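Asker: Here it is: the structure, laid out below.
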Amino acid sequence: MTATARTSTARSTGWFPVARAAEVGTTPVPVGAAGQAYVVVRLRPGGEVSAFPARCPHRLVPLAAGVVEGRLQCPYHGWRFDAAGRCVDVPSLGPGGSAPPRADLPVPWAVEERHGWIWLAPERTDVVAPPAPAAEPVPEPAPAPGPPLGPVFGNLDPSLEHAWHPVALSRELRPGGWLQVRLLGRTWSLSRGPDGLVADPPAWGVRERFGVLWLAPAQPRDVALELPEDGDRRFVGSWLPPARSAGPAGPLADTLLDVAHSPFLHPATSGAADEVEVPTHDVAPDPGGFTGVQEQWCDDPADPGVAAGQRSPRRRRRATYVYRAPFQLRLRLDSLDTGAARTILFLLQPEDADSTRIYTCLLLAAGPGEPLPGPEVVAAEMAAEERVLAEDLGLQAQLARPGLPLSMRDELHVRSDRLGVALRRALADFAAAG
Ligand code: FES
Ligand SMILES: [Fe+2]
């Protein structure tokens, strides 16, 4: 194949062949036209082809998942777009909610199916239809969507020097042993000698807390997260095996704080798939971070009582999110039906620009008068938590971002994003102080 129907990628007007018509069905296909990233898809089987920008305006997630009820649906929070790019559904706002105007996708001027190909005209063109190509068209490769325009908070932000960071579980460093850890793009050796923990090269400090080893490269400015459940004998639990995300910590913290994605990203593991509306919730600033409280519906399929047919998996719960900059999060879930409680502590280690290690501790308490959760309950809950985290990490891999956007204009925030907005403000403040 030598000849090409594509004249130049520098031009932005005219018709661009982007995909063979036969290869476009109801799964969005990433394509490129005039250097811009789009997806093309049929919103009905065998129907006309529609074209959209390649990512969602909400959190810049690739719109590559699929079509639901004749609309393009974003995989993260389920926003839906019609053929004209109008955002027709923001599930977290409930049936009465309407999408903000900026939620609409700027679709290309025209899309046509001709000569066995899908053609895009990104901008108005005087040529009313794509011409018959003299040779087999050669479409542009689909480009990666560009990075956010404004500043982002990445894993190598200079302000991160001035914080305590988790670098290993205590159990990973035996007495007399040593281990190497990555932090902020550098390697430290940690050893546990007769006089305690030692870091090489020297750091401002090394310490042990909650069964985790912490390192502060320079004088820390962060406020330590407290864990009231630590030492509370009503709680049992443990650390999950540390996991790793192939991306920066900021977007991962955003996902872990996000209250609207469970029905879409975790429909089988923790989301109540038909409870998509997010009620209003309170977010209050704290020294070094914030606390958010919200009541929500969820499913608890890991509950043995559910497996035995004694209870419905559907639960009403209060979720309390406590965040401390830069990357410490504590989520406490109190069941309003049973009085049981579950605390999940997430600590993120910014290893390199594109690598974050995740420490997750799960602590469980039974309701009043109930015996402590047994080992099999704890094991089942930990396995369920690992599955949920794996789904969150799958999303991070799709994001392919250098960090968390700090400019409010780069993304689009709705009522259910109050924790995410608070996170962006807290990290912007942290970066400014550094
Ligand atoms: S709905 Fe697309 S990122 Fe939230
Ligand atoms: Fe999640």
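The values are calculated or read from the model by the stated rules, or taken from the named source; none is laboratory data. None of the values given here were measured: they were computed from a predicted structure. Cβ atoms come from the backbone with ideal geometry, glycine included; neighbour counts cover every protein chain shown. What goes into the accessible areas is simple: the full protein's heavy atoms, side chains included, and nothing from ligands, DNA or RNA. Shrake-Rupley method; radii C 1.70, N 1.55, O 1.52, S 1.80 Å.
Asker: Consider ARG415 carefully, then state whether it is more than 13 Å from ligand 2 (Cβ to nearest atom) and open to solvent by 30 Å² or more (accessible area, probe 1.4 Å).
Answerer: yes
Asker: A further question on this structure: Hey, which of the strands (runs of 3 or more DSSP E) in segment 12-70, taking only ones fully inside, have at least 1 residues that are among the hydrophobic types (A, V, I, L, M, F, W, C), closer than 23 Å to LEU412 by Cα and touching a residue at least 24 places away in the same chain (Cβ under 8 Å)?
Answerer: By residue number, 36-42, 49-53, 66-68.
Asker: I want to confirm something. Restricting to segment 50-63 and keeping residues that are open to solvent by 20 Å² or more (accessible area, probe 1.4 Å) and in contact with a helix residue (DSSP H, G or I) (Cβ under 8 Å, 6 or more places away or on another chain), which single residue is farthest from ligand 1 (Cβ to nearest atom)?
Answerer: Step by step, filter segment 50-63, then rank; the result is PRO62.
Asker: Moving on. Please go through segment 84-116 and pick out each residue that is within 30 Å of GLN396 (Cβ to Cβ) and touching a strand residue (DSSP E or B) at 6+ places or on another chain (Cβ under 7 Å).
Answerer: GLY85, CYS87, VAL88, ASP89, ALA99, ALA103, ASP104, LEU105, PRO106, VAL107, PRO108 - these are the residues of segment 84-116 that are within 30 Å of GLN396 (Cβ to Cβ) and touching a strand residue (DSSP E or B) at 6+ places or on another chain (Cβ under 7 Å).
Asker: Which members of segment 78-90 meet the condition of being open to solvent by 10 Å² or more (accessible area, probe 1.4 Å) and within 12 Å of ligand 1 (Cβ to nearest atom)?
Answerer: ARG80, CYS87, ASP89
Asker: I need every pair where a residue in segment 410-434 that is under 19 Å from THR280 (Cα atoms) has its Cβ under 7 Å from the Cβ of a residue that is among the hydroxyl-bearing types (Ser, Thr, Tyr) and open to solvent by 40 Å² or more (accessible area, probe 1.4 Å), sequence separation at least 6 or different chains.
Answerer: ARG415/THR280
Asker: Quick check on my filter: what residues within segment 190-219 are in a loop (DSSP other than H, G, I, E, B) and free of Cβ contacts under 8 Å to residues at least 24 places away in the same chain?
Answerer: PRO194, ASP195, PRO201, PRO202, ALA203, TRP204
Asker: Condition (residue is out of contact with any Leu (no Cβ under 6 Å at 6 or more places or on another chain), in the same structural domain as GLY288 (by TED's automatic domain parsing) and assigned to a helix (DSSP H, G or I)) applied to segment 404-413: is it met by at least one residue?
Answerer: No, the conditions are met nowhere in segment 404-413.
Asker: Consider segment 220-237. How many of its residues are on the phi > 0 side of the Ramachandran plot and touching a residue at least 12 places away in the same chain (Cβ under 8 Å)?
Answerer: 1
Asker: Any residue at all in segment 227-245 that's acidic (Asp, Glu), over 30 Å from TRP297 (Cα atoms) and open to solvent by 20 Å² or more (accessible area, probe 1.4 Å)?
Answerer: no
Asker: So is ALA340 in contact (Cβ under 8 Å) with a residue 24 or more places away in the chain and more than 23 Å from the chain's Cα centre (by Cα) or not?
Answerer: It is true that ALA340 is in contact (Cβ under 8 Å) with a residue 24 or more places away in the chain and more than 23 Å from the chain's Cα centre (by Cα).
Asker: Among the listed residues PRO45, PRO100, PRO75, identify the single one that is within 16 Å of ligand 2 (Cβ to nearest atom) and surrounded by fewer than 20 Cβ atoms within 10 Å (Cβ to Cβ).
Answerer: Within the list PRO45, PRO100, PRO75, the selection yields PRO75.
Asker: Quick test for you: out of GLY434, GLY374, GLY369, pick the one residue that is more than 16 Å from ligand 1 (Cβ to nearest atom) and at positive phi.
Answerer: Among GLY434, GLY374, GLY369, only GLY369 is more than 16 Å from ligand 1 (Cβ to nearest atom) and at positive phi.
Asker: While we're on this one: Which condition number does PRO91 fail, the rest of (1) within 15 Å of PRO145 (Cα to Cα); (2) within 16 Å of ligand 2 (Cβ to nearest atom) being met?
Answerer: All conditions are met except number (1).
Asker: Say we look at segment 353-368 and pick out the residues that are in a strand (DSSP E or B) and within 18 Å of the chain's Cα centre (by Cα); which of these is surrounded by the fewest Cβ atoms within 10 Å (Cβ to Cβ)?
Answerer: Looking at the filtered set, the residue picked out is SER355.
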